[in-house]
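Written below as structure tokens is the structure these notes are about.
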Amino acid sequence: MRRLWTGSRLAPAIIVGLLAGGAVWYFGASPWWAAPVGIVAAAGVFVWRALPHIEDPVWPSRLPETAVGARDDVQLLGWAIAGRRGRVQPRAVDRVRHLAAQRLERHRLDLDAASDRDRVVALIGEPAYLTLHASNVATMPSQRELLACLDALDRLDPPVRRD
């Protein structure tokens, strides 16, 4: 438990109270008005110094756990696609990269392997490959480029018909 009456809280409060009361008295108020102003100022500083700091949170912060594919997952991904200045956010590119890695793994190809680059480009095309390898925020693809990349990945594995 923290001690309330410590010098680091009490000394600044007394100094501010004396300065506030002295200033009010100096500018013409009677001592009967200056004393309460000084006391209120000192009490305010004391309470402000006694409050817990932001570095010492009262409640532990915990992010809610959500399952993959939950309803808010779609909403968050939608906001990631609608980025600033026509560019998508890195989170959306990471999700599409994960999807592409899974799709290419079915063809025994690695998205990040230099030895598989030519075969990957032959399957999905050069623009889609460059979209998947956007390396920083300045080179993030546009929404149109990301959707074209998703279309290329959809053409990679056509849906299975069930008759």
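Being over 12 Å from CYS149 (Cβ atoms), touching an Asp or Glu at 6+ places or on another chain (Cβ under 9 Å) and not in a helix (DSSP H, G or I) is the filter here, so list the residues in segment 109-135 that pass it.
Passing the criteria: LEU109, ASP110.
In segment 127-136, is there at least one residue being surrounded by fewer than 16 Cβ atoms within 10 Å (Cβ to Cβ), modelled with pLDDT under 80 and not β-branched (Val, Ile, Thr)?
Yes, segment 127-136 contains at least one residue that is surrounded by fewer than 16 Cβ atoms within 10 Å (Cβ to Cβ), modelled with pLDDT under 80 and not β-branched (Val, Ile, Thr).
The values are calculated or read from the model by the stated rules, or taken from the named source; none is laboratory data. Just so you know, these numbers come straight off a predicted model, no measurement behind them. Heads up, the Cβs are rebuilt from the backbone with ideal geometry, glycines too, and the neighbour counts pull from every protein chain shown.
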